[in-house]
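The values are calculated or read from the model by the stated rules, or taken from the named source; none is laboratory data. These numbers come from a predicted model, not from an experiment. Cβ: placed from backbone, ideal geometry, glycine included. Neighbour counts: every protein chain shown. To get the accessible areas, we keep the full protein, side chains included, count just its heavy atoms, and leave off ligands, DNA and RNA. Shrake-Rupley method; radii C 1.70, N 1.55, O 1.52, S 1.80 Å.
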Amino acid sequence: MGAGSSTEAEREPLLVPSHAETNSPPVNSRVYGRRWLVLTLFSLLGLMQGMVWNFWGPIQNSAVHAFGFSKSDIAVLVLWGPVGFVPWLLFMWLMDKKGLRASLLLSAFFMLLGAALRSIPLTDQPLRRWLIHGGQFLNGLAGPTIMSAGPFLSTTWFAPDQRATATAVASLFSYLGGAASFVVGPLVVPAPNDTQAGTTMSAAVSDSSIRDRIQLVMYAELAAIAVLFAAVLLYFPSRPPMPPSVAAASQRLSYRSSICRLLSNVRFLMIALAYAVPTGVIAGWSGVLDMVLTPAKVSQVDAGWIGFWSIVGGCVFGVAMARFADSIRGMLKLILVLMLAGASLSSTWFTLTCLSRYTHLPSTAAILYTSCILVGIFINSSVPIFFELFIETVYPVPEGITCGVVTFLGNLVTGLLLFFLTFYCTALQMLPIKVGQ
């Protein structure tokens with residue numbers, strides 16, 4: 001039996017490696033330097049969205065005096081963030097059909113309109129409170145794109161060996177904005193602690209001063225959002241002229257097929273549950289951290305620093321772990337297990353510290369601060385690793401749709417927690433804690 005020479009088509013491999021098995025980009029691929037500008041604009045929008053969302057929690061004592069808010073009002077102001085995820089399917093459809101530019105422009109417009117609405121200096125306090133609530137809701141509508149599009153941006157613009165790091169930066173800057181509000185609010189807005197024993201006139205002057213400081217911060221945030229909206233309007237392409245990798249150039253499932261694939265994938269749903277519960281709880285916890293720690297005799301400024309370091313530590317640790325995951329593939333599950341184990345131990349430590357009356361464990365300021373900060377570090381740093389694991393699990397579902405589903409679930413958990421606090425915060429009691437030196 002004679003064998004003739006094989007043709008070029010016959011020499012093609014029968015099995016083509018998947019996107020996860022190859023690191024070699026296609027011949028017509030290219031990585032553009034402008035990707036850093038795109039990442040910077042997106043990350044700064046996430047920073048401002050997080051700052052506006054977490055604006056009221058760190059200064060809740062001052063807001064009560066300045067605007068007559070109740071504890072329930074503070075919880076509702078934070079709750080508008082998760083409520084903004086209700087139309088998440090619309091934003092994911094827009095991102096899938098029209099690209100990241102259209103979705104991000106709409107989100108930035110909502111942020112700008114919300115920041116402007118809550119900054120209107122009305123003297124009618126009931127109407128002013130309604131405008132503040134409306135502004136917080138509009139800012140929450142930007143959440144589905146800001147918190148979900150990071151992995152989509154990294155896949156669209158970055159090479160495979162930079163993707164996890166870019167995902168970490170894009171997804172964690174929103175958390176960093178929440179951390180910044182823990183510092184900016186308590187440092188700029190004075191606490192009303194020194195006005196309790198004063199006269200009626202001095203208390204009125206002090207409340208006016210607090211209101212002016214809050215107004216100053218809101219004006220500054222409005223100006224920053226306006227600049228970012230103009231920058232995105234002038235230049236923010238949906239995708240580069242040529243894809244940076246095989247994954248970016250590959251064909252993805254349609255919007256409807258993607259949703260069906262995700263909801264029928266048991267492994268994905270189990271990982272999504274592991275993501276949604278801890279991240280949703282810590283997000284709601286951070287939003288009302290000052291309210292939670294007030295019964296523990298923790299001041300507004302100290303609570304702000306606890307929230308700041310817990311989120312900043314999580315962002316730094318998360319970027320470091322993402323960089324490690326970029327260099328060593330196949331370690332995502334092990335990294336997540338170690339992070340969640342650390343979070344479980346830290347939260348147990350904090351709980352036992354709160355129950356020192358029964359556990360007889362030492363309850364000092366250092367222990368309280370350390371346990372709170374460690375919980376935030378371990379949980380917040382797991383976000384970009386979870387995103388990378390989701391993408392690898394359900395490929396070829398588009399990254400924006402995948403992360404949109406899981407962030408919706410996380411915000412659903414946050415919303416349930418804040419919903420409970422909204423209607424039961426007057427009856428919510430924390431065991432008395434004697435914090436030593």
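Each Cα pair under 8 Å and six or more residues apart adds its separation to the average, and for region 270-404 the resulting relative contact order is 33 percent. Across region 402-411, in residue order, what do the Karplus-derived ³J(HN,Hα) couplings come to in whole Hz, using 6.51 cos²θ - 1.76 cosθ + 1.60 with θ = phi - 60° and x for Gly and Pro? Each residue of region 402-411 in turn: 4, 6, x, 5, 6, 5, 4, 5, x, 6 Hz. Full extension of the chain between residue 344 and residue 86 yields a length gain of 89.9 nm, computed as 0.36 nm times the residue separation minus the alpha carbon distance. Averaging sequence separations of C-alpha pairs under 8 Å and six or more residues apart, then dividing by the length of region 143-189, give the relative contact order as a whole percent. Computed value for region 143-189: 36 percent relative contact order. Counted by Cβ distance under 14 Å from residue 139, the other residues give a net charge of 0, where Lys and Arg count +1 and Asp and Glu count -1. Ordering of 176-185, 70-79 by packing is 176-185, 70-79, highest average first (other Cβ atoms within 10 Å, averaged per residue). For region 58-196, the carbon plus sulfur part of the accessible surface works out to 71%, probe radius 1.4 Å.
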